[in-house]
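Heads up: the structure comes next, in structure tokens.
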Amino acid sequence: MQRDTNRAGAGLPDIIIFNPDQWRGDVLGHVGNAAAVTPAIDRVAAEDGVSFSRAFCQNPVCTPSRCSFMSGWYPHVRGHRTMHHMLHPEWNEPNLLRILKQHGYFVWWGGKNDLVPGGADLSPYCDVKFEPTDEDYRRWGCAPREGTHAGDLAWRGDPDGDNFFSFFKGRLERGGDPFYCDRDWANVLGAIDFVRGYRGEQPLCIYLPLGYPHPPYCVEEPWYGVTDRAALPPRIPAPDDDTGKPSLLGGIRRGQRLQGWSEERWTELRATYYGMCARVDHQFGLLCDTLRECRRYDDAAIFLFSDHGDFTGDYGLVEKTQNTFEDCLTRVPLVVKPPAGVSVTPRVSDALVELVDFSATVYELTGIDPGYDHFGHSLLPLLSGEGHGGGRDAVFCEGGRRLGEVQASELESTSAGGSSLGLYAPRIRLQVQLDEPYHSKAAMCRTATHKYVQRLYESDELYDLALDPGERRNVIGDPAYRDVLAELRLRMLRWYQETCDVVPRVTDRR
């Protein structure tokens, strides 16, 4: 049923950015995953918005992806290919939060950063950077809990064992509290309190960049037990050998030491991840219910999307990589509920879209000229579902570095969990090797039917997604795909040419 009502008043819509970390695009009930418990998101897709089932990020790790979707620029435009290069306003790098604030929005930010340099003054980006107080916890009736990366790490077991690098923690004990009140819960509850108490005249931007379902894989009841283990879709197995695959995958697999895991153990890890997603869905539902209660839901533009995905056992791996582009890493949830007055046919859309399209959609909804050129396509024409085509002909993702590109080597990560015993050690210790191809620069061009990955220093990849949706057989050398390969190489060249730079709109006198 098409919804097309008139907005009350001519004011700007509230912008709600609900941004979980590391959520795979296939873990949603309404896209056909019987094991996914996501009723709140399913409801929005069924009643009020569009869920894009083929949405893709532009880099498979946190900071580069966030810099991309908050600017509308691909990572290569300014070299955002590392966890340690964020958006800099002094270098004229745009940031959607800053632009919304400059155009009259009251911006409330609750959650992680990974967007602007640590220690920077956040006042240009938000009016409130939420930090919970003791009084908040008393009002919520729960005790503050450490993040899942902190505290006692005994759950990892023996450093020589096969759980030490698995990221699998399991069930969290909440004691007598209603939930395990970590920072995600604090930020969601803080946002709910703020919406209920807001009496200002400015339109709102609520930015909730959550930590879940980013590993370690752990969650409290009732979400730990909510997943039907028997309903989990088949796991993509590890390859018999790594021929035709980037060396980073095999190197991480050897380092994580999960080869001896039984399918029962994988099932528990995967079900725990699904439970983490179910908890985030519940939190999203609480926020939506609050917006309805406060009569802000109808006139709000709500965006739910993740920055990238997670292996979750596929290919015998956990967590993610910096420069491989499997669909489990690059395909993400993207649900858009427009404000009243914008025509929408609620449904699941299979149009190919990118996260750079998010900021472009906000600019069109608000009528803001951001003052710079970007590469996103507004999603508003796709919301009605009538006569507007099927999205992009191809989507792109990129990462890695050139040999000798020390500033992109992630050396900084060795002091933040990348030591020989850190959770990320199997990946980080390969990425920081400056004379090996593990962290080679690469780019993906994916269409509805094929995926092409061009790599420096290693073999390119080509997959027939219709015959091989798990991307297990690299057909780059198969003569039968010669024409497809030539077409995708030209498409990638055109993408680079169209997006390789931006010319500032303010020109200089000669």
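Quick notes on this structure:
Yes/no per residue for (1) buried (at least 22 other Cβ atoms within 10 Å of the Cβ); (2) in contact with an Asp or Glu (Cβ under 9 Å, 6 or more places away or on another chain):
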| site | (1), (2) |
| --- | --- |
| Phe164 | no, yes |
| Gly176 | no, no |
| Ala186 | yes, yes |
| Asp193 | no, yes |
| Tyr198 | no, no |
| Glu201 | no, no |
| Cys205 | yes, yes |
| Arg229 | no, yes |
| Leu232 | no, no |
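- Within the range 305-326, one or more residues are under 15 Å from Pro20 (Cα atoms), touching a residue at least 60 places away in the same chain (Cβ under 8 Å) and in a strand (DSSP E or B).
- Matching residues in the range 255-282 - criterion: being closer than 19 Å to Val44 by Cα, open to solvent by less than 10 Å² (accessible area, probe 1.4 Å) and of a type outside the set (Lys, Arg): Cys277, Ala278, Val280, Asp281
- Scanning the range 286-304 for residues that are part of a helix (DSSP H, G or I) and open to solvent by 10 Å² or more (accessible area, probe 1.4 Å) gives Leu286, Asp289, Arg292, Glu293.
- Here the condition is being in a loop (DSSP other than H, G, I, E, B) and over 20 Å from the mean Cα position of the chain (by Cα); of Ile252, Ile236, Ile192, it holds for Ile236 alone.
- Annotation note: of Pro94, Pro117, Pro75, the sole residue that is over 18 Å from the mean Cα position of the chain (by Cα), under 30 Å from Met492 (Cα atoms) and either open to solvent by 30 Å² or more (accessible area, probe 1.4 Å) or at pLDDT 95 or above (or both) is Pro94.
- Single residue of Arg138, Arg54 found to be surrounded by fewer than 24 Cβ atoms within 10 Å (Cβ to Cβ), among the charged types (D, E, K, R) and free of Cβ contacts under 8 Å to residues at least 60 places away in the same chain: Arg138
- Taken together, the criteria place Ala238 among residues that are open to solvent by 20 Å² or more (accessible area, probe 1.4 Å), under 20 Å from Lys320 (Cβ atoms) and at pLDDT 95 or above.
- Checked against the criterion of being touching a residue at least 12 places away in the same chain (Cβ under 8 Å) and open to solvent by less than 10 Å² (accessible area, probe 1.4 Å), the candidates Thr345, Thr366, Thr330 yield just one match: Thr330.
- Odd one out for Ala46 among (1) more than 18 Å from the chain's Cα centre (by Cα); (2) part of a helix (DSSP H, G or I); (3) crowded, with 19+ Cβ neighbours inside 10 Å: (3)
The values are calculated or read from the model by the stated rules, or taken from the named source; none is laboratory data. The shown structure was predicted, so the numbers you read here are calculated from the model rather than taken from an experiment. Note that we place each Cβ from the backbone using ideal geometry, even for glycine, and neighbour counts take in every protein chain shown. We work out accessible area using only protein heavy atoms, side chains counted, and drop any ligands, DNA or RNA first. Shrake-Rupley method; radii C 1.70, N 1.55, O 1.52, S 1.80 Å.
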